[in-house]
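Accompanying notes for the structure given below.
The values are calculated or read from the model by the stated rules, or taken from the named source; none is laboratory data. For clarity, every value in this text was computed on a predicted model and none was experimentally measured. Every residue, glycine as well, gets a Cβ built from its backbone with ideal geometry; the counts of neighbours run over all protein chains shown.
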Ligand SMILES: [Zn+2]
């Protein structure tokens, strides 16, 4: 069996991660309560709390990444809906020979297309 390393393995052995009130401790750490105060309140050592701040950072990073991803997904969904509506409007306008509206749809479609391009570029920059 392969040995496990990294934050998940470290948090399994961490006394703070396994502490019954670890969510209160995490909140206090985020609020900037001094390690010495927390150590005294929860019967922990300052060094254990200090080591735990790295696990907390890892969790915060994961959470931030999840938030980012869901915001991007929501944005892309809206963009897709916009594209769909524009396409539908374009076809209706063409059927009723409203060439001004058709042209407007094409112009808006072009803007949506350049927005897709910008999103794609910014996603590439992130990775
Ligand atoms: Zn920990």
Pick from the stretch 1-20, criterion modelled with pLDDT under 80 and not in a loop (DSSP other than H, G, I, E, B), ranking: nearest to the ligand (Cβ to nearest atom): 11
For residue 71: the one exception among (1) away from the ligand (no atom under 16 Å from the Cβ); (2) surrounded by 14 or more Cβ atoms within 10 Å (Cβ to Cβ); (3) at pLDDT below 95: (2)
Which listed residue, of 23, 45, is loosely packed, with under 13 Cβ neighbours inside 10 Å, farther than 30 Å from residue 126 by Cα and modelled with pLDDT under 95: 23
So residue 63, is it away from the ligand (no atom under 14 Å from the Cβ), loosely packed, with under 11 Cβ neighbours inside 10 Å and not in a helix (DSSP H, G or I): no
Single residue of 38, 81, 89, 29 found to be free of Cβ contacts under 8 Å to residues at least 24 places away in the same chain, in a helix (DSSP H, G or I), within 13 Å of the ligand (Cβ to nearest atom) and out of contact with any strand residue (DSSP E or B) (no Cβ under 7 Å at 6 or more places or on another chain): 38
